[in-house]
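Structure record follows, encoded as structure tokens.
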Amino acid sequence: MKDKSLRSLIICLLGLLPIAMYLHLMSGQIELSFSSYWKALFDFNPKDTYQVLIREFRLPRMVMALVAGAGLSLSGMLMQTLFKNPLAGPYVLGINSGASLLIALSMMTGIQFFQSNFGLIGTALIGAMGAGLLMMSVAQRLKSQISLLLVGLMFGSFTAALVSMMESKAGAESLKSFTMWSMGSLQQVTFEQLPLILTTFILSVILVFLAVKPLNVLVLGEKSAGLLGIHIQRTRLFILGITALLAGLVTAFCGPIAFVGMAIPNLTRILFRTTHHTTLICGNLLIGALFLLGMDSFIQLLEGQFSIPLNAFTSLVGAPFVVFLVMRKIK
Amino acid sequence: MIRIHHIAVGYHQVLLRSEDIQLNAGKVYALVGRNGIGKSTLLQSLTGALPLLEGKVSFMNDDLSSLSRIELVKRVAVVESRFEGIEYLKVKDYIALGRTPYTDAFGQLTTQDWEVIQQTASAIGIRSLMEKFTDQISDGERQLCAVARAFVQETPIILLDEPTAFLDYLNRQKLLNILIALSKNQQKCMLLSTHDLELCLKAELPLLLASSGKLSLKEHFNLEEVLFEMSKP
């Protein structure tokens, strides 16, 4: 495919984004006019129930769908390039589990600091980074791509066991909030948290763009990249750091969301047919955001009849896709 | 070009020792020896990936250990024994990665970079492959691409770790002839490890022979002699 058609594909996706955002906002159970959205943003009246609904529920949920979809896809892309393995992703390699473990620990201890925004992001980040480093050290001793997946799975089971042991000791209140969190939801973010989340997200995206050169060379594997002058240790830490930042951010505020981080980067690569990371980064951001906006719009539409946890829904689509990938080309 | 000064290589214990050896520009040297004798270990040590246990190596009078990472990759390029191809990576983009030591922080290629890439591809005869994906061409073609990538790195020295191992006889011959011609034309010093003794004999390559823990240079040789040396414990 030529560079021109890649660019038009990106522009197409970019054009779809506002439409998906609009549809997501409109797919809630209560119909709201465009003017109340306008007022909720720029001329907020706290007595108007509709405007409160928009500010407290609709907008944060829409922004979170966008950030979570884009962020998870991007962190998945980083991991797939770093591990040189199309099956890598924040969920399957236990990055989410690492974050979950620390978040469970902090929620159930009930210490106030951990319930704050920074505390939450901080613990998730540390957990995600720890799991990432662990996986990195294991990956270097593995020969086949599929074994990494197994190790990630085992790490997930192990942390899940630790978490359920903690749950049995926890109080009813913290248990409830953790269980709600672990089902994965885009609904738990408040309007006031959005600036912090968006800032962290945009910062991470800028950092990813700074890593384009090493990422493009890492496609050849770490050994060859080193022989072309790339500082492997530094690059590895930098990329794992951004991965943890993105995956940790999303996990902290939305709970674990399965498979998006693994499936979307593969879909992007198949669609764009390139290994050039400037293109792949844009593709992952857009497709990831579109995918989760679409998914969550669907969930919102169904909410009147029955509610599906987001995590269950993404697994429903993601798990068959992974099977498809394994059958397609994995060694 | 390369001066190997009484070195000892190995991971923890010494695997291979060398006498004082000088490798010159414009020549292809064949590194031969039995499996496990330490050929790959020697090549790894020459790339700086593995520290020398004793002695020193210098490239154009600069000590290997004193060179920074980027200075080193501008002097030495490496071709590995097998490049398996990568999905959706085009040949031209693969070769272009050889320019990595020269590009800016974002890896942008200049028109000058592309000129080097096109010229190298022409010299090796793979211009027609440029738009193809690396996982959709043959093993022989891929190996030529790997050589092209090492050439656009514009290093005076190229190390090749069994570059012919996965090729058929005719492709081995073709690759070797290309290497010999290019090393003469561009005055490069190449060192390739190989088990193709007969091909090296036919091409009259100078040999770096590794046997019974010792590395020595043999400018002229016959097959019986080398086989006898190699069979020593």
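Of the residues B:166, B:151, which is of a type in the set (Phe, Trp, Tyr) and open to solvent by less than 50 Å² (accessible area, probe 1.4 Å)? Before you say what the answer is, go through the steps one by one.
Working: B:166 fails: open to solvent by less than 50 Å² (accessible area, probe 1.4 Å).
The match here is B:151.
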Determine whether residue B:34 is within 14 Å of chain A (Cβ to nearest Cβ) and either open to solvent by 20 Å² or more (accessible area, probe 1.4 Å) or at pLDDT 95 or above (or both). no
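Inside segment B:47-68, can you point out the residues that are within 18 Å of the chain's Cα centre (by Cα) and buried (at least 16 other Cβ atoms within 10 Å of the Cβ)? Outline the logic, then answer.
Filtering segment B:47-68 down to residues within 18 Å of the chain's Cα centre (by Cα) leaves B:47-50, B:57-60, B:64.
Matches in segment B:47-68: B:47, B:48, B:50, B:57, B:58, B:59, B:64.
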For segment A:7-45, which positions are within 24 Å of residue A:299 (Cβ to Cβ) and acidic (Asp, Glu)? A:31
Would you check if there is a residue in segment B:70-89 being at the interface with chain A (Cβ under 7 Å from one of its Cβ atoms), open to solvent by 50 Å² or more (accessible area, probe 1.4 Å) and part of a helix (DSSP H, G or I)? yes
Condition set more than 8 Å from chain A (Cβ to nearest Cβ) and open to solvent by 50 Å² or more (accessible area, probe 1.4 Å), scope segment B:90-103, selection nearest to residue B:168 (Cα to Cα): answer is B:92
Within segment A:238-278, of all residues that are over 23 Å from residue A:324 (Cβ atoms) and of a type in the set (S, T, N, Q), the one farthest from the other protein chains (Cβ to nearest Cβ) is A:251
Residue satisfying condition, being open to solvent by 50 Å² or more (accessible area, probe 1.4 Å) and assigned to a helix (DSSP H, G or I), within set A:246, A:280, A:237, A:292: A:237
Quick check: anything in segment A:11-31 touching an Asp or Glu at 6+ places or on another chain (Cβ under 8 Å) and of a type in the set (D, E, K, R)? no
Can you pull out the residues in segment B:8-31 that are under 15 Å from residue B:50 (Cβ atoms), open to solvent by less than 10 Å² (accessible area, probe 1.4 Å) and either assigned to a loop (DSSP other than H, G, I, E, B) or out of contact with any helix residue (DSSP H, G or I) (no Cβ under 7 Å at 6 or more places or on another chain) (or both)? B:8, B:10
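Filter segment A:166-177 down to the residues that are open to solvent by less than 60 Å² (accessible area, probe 1.4 Å) and in a helix (DSSP H, G or I), then identify the one that is modelled with the lowest pLDDT. If you could, list the steps in order and put the result at the bottom.
Of the residues in segment A:166-177, the ones open to solvent by less than 60 Å² (accessible area, probe 1.4 Å) are A:166-167, A:170-171, A:174-175, A:177.
Add one more test, that the residue is in a helix (DSSP H, G or I), and what stays is A:166-167, A:174-175, A:177.
Details: A:166: 84, A:167: 83, A:174: 78, A:175: 80, A:177: 75.
Applying the filter and picking the extreme gives A:177.
I'd like to check something: does segment A:153-165 contain any residue that is surrounded by 14 or more Cβ atoms within 10 Å (Cβ to Cβ) and under 25 Å from residue A:298 (Cα atoms)?
From segment A:153-165, those surrounded by 14 or more Cβ atoms within 10 Å (Cβ to Cβ) are A:153, A:155-156, A:159-160, A:162-163; that's our starting set.
Retained after the next criterion (residues that are under 25 Å from residue A:298 (Cα atoms)): none.
No, because not a single residue in segment A:153-165 is surrounded by 14 or more Cβ atoms within 10 Å (Cβ to Cβ) and under 25 Å from residue A:298 (Cα atoms).
Any residue at all in segment A:316-325 that's touching a helix residue (DSSP H, G or I) at 6+ places or on another chain (Cβ under 8 Å), closer than 30 Å to residue A:117 by Cβ and buried (at least 19 other Cβ atoms within 10 Å of the Cβ)? Before the answer, list the steps.
Going residue by residue through segment A:316-325, those that are touching a helix residue (DSSP H, G or I) at 6+ places or on another chain (Cβ under 8 Å) are A:317-318, A:321-322, A:325.
After this cut, where a residue has to be closer than 30 Å to residue A:117 by Cβ as well, the list is A:318.
Now narrow it down to the ones that are buried (at least 19 other Cβ atoms within 10 Å of the Cβ): A:318.
For segment A:316-325, residues touching a helix residue (DSSP H, G or I) at 6+ places or on another chain (Cβ under 8 Å), closer than 30 Å to residue A:117 by Cβ and buried (at least 19 other Cβ atoms within 10 Å of the Cβ): present.
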Residue pairs within 7 Å by beta carbon, gap of at least six or interchain, first lying in segment A:29-53 and closer than 28 Å to residue A:305 by Cβ, second part of a helix (DSSP H, G or I) and open to solvent by 100 Å² or more (accessible area, probe 1.4 Å), listed first then second, are A:32/A:50; A:36/A:50
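The values are calculated or read from the model by the stated rules, or taken from the named source; none is laboratory data. What you see is a predicted model, and the numbers here were worked out from it, not measured in a lab. All Cβ positions, even for glycine, are placed from backbone atoms using ideal geometry, and neighbour counts span all protein chains on display. In case anyone asks, the SASA skips ligands and DNA or RNA and just uses the protein heavy atoms, side chains included. Shrake-Rupley method; radii C 1.70, N 1.55, O 1.52, S 1.80 Å.
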